[in-house]
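Written out below as structure tokens is the structure these notes cover.
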Amino acid sequence: MRSLAVLDAPSNLGLRPPGPGLVPGCYKLAGAVRDQGLLTRIGAEDAGYATPQRYDRGDWKLGDGLFNADAIAAYTARLADRIGALLDADRFPVVLGGDCSIVLGAALALRRRGRYGIAFLDGHSDFRHPENSPGVGAAAGEDLALATGYGQPLVTDLDGLRPYIGIGDAVVLGIRDDDEYTAELESLGADVHPLARLRAAGTAATAAAALDRLERTDLDGFWVHMDADVLDAAVMPAVDSPNPGGLSYAELGDLLAPLLASERCAGFELTVFDPDLDPDGRLAAELTDAITAALTAAR
């Protein structure tokens, strides 16, 4: 694995507010994980902080498309520049969110360089888009759709590079079995491993199958996205949409370490953990332990 570089991407632009007058707390993710000593523990250099725009939905209402769309588009381009500079310097970016919309910055950075796939570890498929739902609005619930070209051109076609990732180059891992977009994703060619299917095959076999798909010679590499809500709510309740039945930390490690160890893996991002929901820091410590273990095993 190339030298690791940790970049903070603390955008919360893609999430609905948790209550009137409040903003989502996932912008504090990077600080909470850094406070657990991540950089020292994984031997990473500090790549700094990509400053996001202000969270302000203004007078947005349902039917207006994405909220914070202009800000998300601008931040995607800025984050892509920062991630691209790390790739050009032969670094392995470890990007700390933020919400799931930061995947657009990574996807754009990679698309500028060729054809890349994605390993999408998430409790939800995040494939809501205008053609399958009237509820479009929060980019963090639509990020896989946006990255694969479904949605507003303002966000999906930066640099004229839509789609940033081909839907057939997406491997979706760990979504809940009742996800409403599974059938659509599979019909479009994505490789989808809902929890029941994943567990029936076993985590090692699933990781191997994912790598078989992502290490194809027609791809230049792949990115690993991890939303903390892929974990079971019993071990990770500090997310905006906690759900029972998710991965254990042991299962997460079995999936994540082989993906990160691949020579074709271009980088990794962590999203959606909300320190506001973790007052004593215990969940941040456990999450950091898991990420540290996976990156250490990969090296």
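Couple of notes before you dig in:
- Taking amide hydrogens as placed 1.01 Å from N in the peptide plane, the amide H of residue 267 sits under 5 Å from those of 224, each at least 5 positions away in sequence or on another chain.
- Farthest positive-ward along region 210-299 dipole, Cα basis, beta-carbon charges - from 231, 210, 273: 210
- Tensor-based shape of region 195-237 (alpha-carbon gyration tensor, a/c under 1.5 rounded, otherwise prolate or oblate): oblate
- CD proxy at 222 nm, helix term only [per DSSP H run n ≥ 4: -39500 (n - 2.57); per residue of the chain; nearest 500]: -10000 deg cm²/dmol
- Solvent-accessible surface (1.4 angstrom probe) belonging to residue 240, in square angstrom, nearest 10: 90 Å²
- Pairwise centroid distance, computed over Cα atoms, of region 186-223 with region 112-155, Å: 18 Å
- Here the Karplus curve 6.51 cos²θ - 1.76 cosθ + 1.60, taken at θ = phi - 60°, turns the phi angles of region 264-274 into couplings of 8, 6, 8, x, 9, 9, 10, 9, 6, 4, 10 Hz, with x standing for Gly and Pro.
- Taking every C-alpha pair closer than 8 Å and separated by at least 6 residues, the mean separation divided by the residue count of region 113-226 gives a relative contact order of 36 percent.
- Charge dipole magnitude, Cβ of K and R +1, D and E -1 - region 155-196, Cα centre, debye nearest 20: 120 debye
- A simple packing score, the average count of other Cβ atoms within 10 Å per residue, orders the peptides 163-170, 54-61, 30-37 as 163-170, 30-37, 54-61, with the highest score first.
- For residue 241, the accessible area of its heavy atoms, probed at 1.4 Å with every protein chain present, is near 40 square angstrom.
- In this structure, the amide hydrogen of residue 231, modeled 1.01 Å from its nitrogen in the peptide plane, lies closer than 5 angstrom to those of 247, counting only residues at least 5 positions away or on a different chain.
- Gyration tensor verdict on region 98-221 (Cα atoms; rounded if a/c is under 1.5, prolate if a/b is larger than b/c, oblate otherwise): oblate
- This model, with +1 at the C-beta of Lys and Arg and -1 at the C-beta of Asp and Glu, gives region 98-172 a dipole about its Cα centre of some 320 debye.
- Accessible area of the chain belonging to carbon and sulfur atoms, whole % at 1.4 Å probe: 50 percent
- For region 250-293 versus region 6-37, the gap between their alpha-carbon centres in whole angstrom: 15 Å
- With the charge dipole of region 102-203 set up from +1 on Lys and Arg Cβ and -1 on Asp and Glu Cβ about the Cα centre, the Cα lying farthest toward the positive end among the listed residues 120, 109, 171 is that of 109.
- Within region 1-103: Cβ-based charge dipole about Cα centre, in debye rounded to nearest 20 (Lys, Arg +1; Asp, Glu -1): 220 debye
- Where 269, 184 fall by accessible area, highest first, once all protein chains stay in place (1.4 Å): 184, 269
- Of 24, 50, 3, farthest towards positive along the dipole that unit charges on Lys, Arg, Asp, Glu beta carbons give region 1-121: 3
The values are calculated or read from the model by the stated rules, or taken from the named source; none is laboratory data. Given the structure is predicted, the values throughout are model-derived calculations rather than measurements. Cβ coordinates were reconstructed from backbone atoms using ideal geometry, including for glycine residues, and neighbour counts include every protein chain displayed. What goes into the accessible areas is simple: the full protein's heavy atoms, side chains included, and nothing from ligands, DNA or RNA. Shrake-Rupley method; radii C 1.70, N 1.55, O 1.52, S 1.80 Å.
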